[in-house]
Amino acid sequence: MVDQFYSFPSSRKHLRLGPLGPYIDAFAQQLSKRGYARWTVREKIRMVAGLSRWLQRRKRGVEDLDERVVTDFLRYGRRKGLSQHGAPPALRDLLGHLRDGAIIPRARVKSGPFHAIEGCFTRYLIEERGLSKSTIANYLPVARAFLSERFGGGPLSLHELVPKDVTGFILHHANRMNPRRVQLVTAALRSFLRFLYQQDKISIDLAASVPSVANWRLSDLPKSLEPDDVERLLKACNRATCADRRDYAVLLLLARLGLRAGEVVHMELDDIDWENGELMVRGKSLRQDRLPIPKDVGEALAAYVCEGRPHSSSRRVFLRLRAPRQGFSSSVAICNIVQRALMRADLHPERRGSHLLRHSLAIRMLRGGASLAEIGEILRHELPSTTEIYTKVDIAALRALALPWQGGEL
């Protein structure tokens, strides 16, 4: 495989020197499959070959390779003034490749009392709470920070925890966060303390000690776009390039079906039932729903999958345009797509995230005569109370119910 990137036999022979030589062809093939450009593959191969020769001079084998050895090699390169452009990601890719092939062992899992608790807490959130990976990723740092601030580097004497520790932690962080962020922290901490109590790690249910945060659920109007602005946003996508076709399909899923950003990120090719015109949506709390695919959404998805989606082994529908060709790592990518579309359409709403289109769909349905139950069904709200926020936006209906004011016109 290296032969495709280096034409001179002497260069190819030089690249295969050292203990990593037998593995460099398979590594190059993997990089090519992941969509890296030719010059990028050449640079990564060159860096791996340098590491291989360095290992050979020190009489070390591939079995000795891990993050610590890579750090020593990079430090050596800095001392010698060698170019290290792109070296850390290239060598991380190498370690991953060798571990996937069982050539070197997996990285050791950090040991310690908190890591054991973290593993049990993660299983609790998955198996008993049914929370998504993104929610768990938000909860774990809160639990880690709470224990770290309470016990520092010492032993975790969980039986010493008292309500004052809980309230002190929240008050310490609340002043530096907005109300919604504080709500997430309190929810995470409450869940962690309830887990500790159920596992008999603490004798008192300290979850009740977590203070509530004043952020009234119905205090704000949901931010949305007018129907004409939504269509203007969609028309601003010219669909001439792979990126345009991808972004247009994403925007239609948000605007026509009201999908959440995370649901778009995790959508897989097998979720699209082309024959029956249905889409399986993986929602919150491991919930799965089947939704009919509107005609324009289906056409946009087909155009992207057939003419814009890069070749990849990933089953995710929407992929990065640059290597590695894989699915988006988080919902931030979807929010960025919405923000770019708003800029193209010269629209400047107060809020510019992906939920803007979800709210716009709900409000459009409400003004079209849909009931709250119907809106909640389309948006897949688990609780009817979640849909109540949209009762505040139908100004025409509220004005008809208002009593006239004696001091003037309404």
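The values are calculated or read from the model by the stated rules, or taken from the named source; none is laboratory data. These numbers were taken from a predicted model, which means no experiment stands behind them. Neighbour counts are summed over all protein chains in view; Cβ atoms, including those assigned to glycine, are modelled from backbone coordinates with ideal geometry.
Summary of values
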item: Single unsatisfied condition, LEU253 versus (1) under 25 Å from the mean Cα position of the chain (by Cα); (2) at pLDDT 90 or above; (3) not assigned by TED's automatic domain parsing to the domain that holds ARG364; result: (3)
item: Any hit, the stretch 114-132, residues being basic (Lys, Arg), closer than 25 Å to LEU184 by Cα and out of contact with any strand residue (DSSP E or B) (no Cβ under 9 Å at 6 or more places or on another chain); result: yes
item: Criterion: over 25 Å from the mean Cα position of the chain (by Cα) and not polar (S, T, N, Q) - qualifying residue of ALA102, ALA90, ALA143, ALA137; result: ALA102
item: Selected residue [at pLDDT below 90 and assigned to a helix (DSSP H, G or I)] from ARG180, ARG129; result: ARG180
item: Top-ranked residue of the stretch 303-332 - restricted to ones that are of a type in the set (A, V, I, L, M), assigned to a loop (DSSP other than H, G, I, E, B) and in contact with a Phe, Trp or Tyr (Cβ under 9 Å, 6 or more places away or on another chain), ranked as nearest to LEU94 (Cα to Cα); result: ALA323
item: The listed residue being out of contact with any helix residue (DSSP H, G or I) (no Cβ under 7 Å at 6 or more places or on another chain) and over 20 Å from GLY262 (Cα atoms), out of ALA345, ALA370; result: ALA370
item: Top-ranked residue in the stretch 183-228 [being among the basic types (Lys, Arg) and either modelled with pLDDT of 95 or more or assigned to a helix (DSSP H, G or I) (or both); ranked as surrounded by the most Cβ atoms within 10 Å (Cβ to Cβ)]; result: ARG190
item: Output for the stretch 50-77, where each listed residue is among the β-branched types (Val, Ile, Thr) and surrounded by 13 or more Cβ atoms within 10 Å (Cβ to Cβ); result: VAL62, VAL69, VAL70
item: Residue in the stretch 273-281 that is small (Gly, Ala, Ser) and surrounded by 12 or more Cβ atoms within 10 Å (Cβ to Cβ) present; result: yes
item: Matching residues in the stretch 24-49 - criterion: being crowded, with 20+ Cβ neighbours inside 10 Å and more than 20 Å from HIS311 (Cβ to Cβ); result: ILE24, ILE45, MET47, VAL48, ALA49
item: Tally, over the stretch 300-318, of residues that are closer than 19 Å to MET280 by Cβ and free of Cβ contacts under 8 Å to residues at least 40 places away in the same chain; result: 3
item: Sole residue being in a helix (DSSP H, G or I) and either modelled with pLDDT of 85 or more or outside the structural domain of ARG309 (by TED's automatic domain parsing) (or both), chosen from ARG60, ARG108, ARG53; result: ARG53
item: Enumeration of residues in the stretch 323-341 that are closer than 22 Å to ALA303 by Cβ and in contact (Cβ under 8 Å) with a residue 60 or more places away in the chain; result: ARG325, GLN326, GLY327, PHE328, ALA333, ILE334, ILE337, VAL338, ARG340, ALA341
item: Near pairs, Cβ below 7 angstrom, 6+ apart or cross-chain, from the stretch 161-181 (charged (D, E, K, R)) to any residue that is not in a helix (DSSP H, G or I); result: ARG180/ASN215
item: Failed criterion for GLY18 (all others in (1) farther than 15 Å from ASP93 by Cβ; (2) under 30 Å from the mean Cα position of the chain (by Cα) hold); result: (2)
item: Some residue of the stretch 301-314 being exposed (fewer than 15 other Cβ atoms within 10 Å of the Cβ) and within 22 Å of ASP229 (Cβ to Cβ); result: no
item: Conditions (1) in contact with a His (Cβ under 7 Å, 6 or more places away or on another chain); (2) at positive phi; (3) not acidic (Asp, Glu); number of the one not met by ARG239; result: (1)
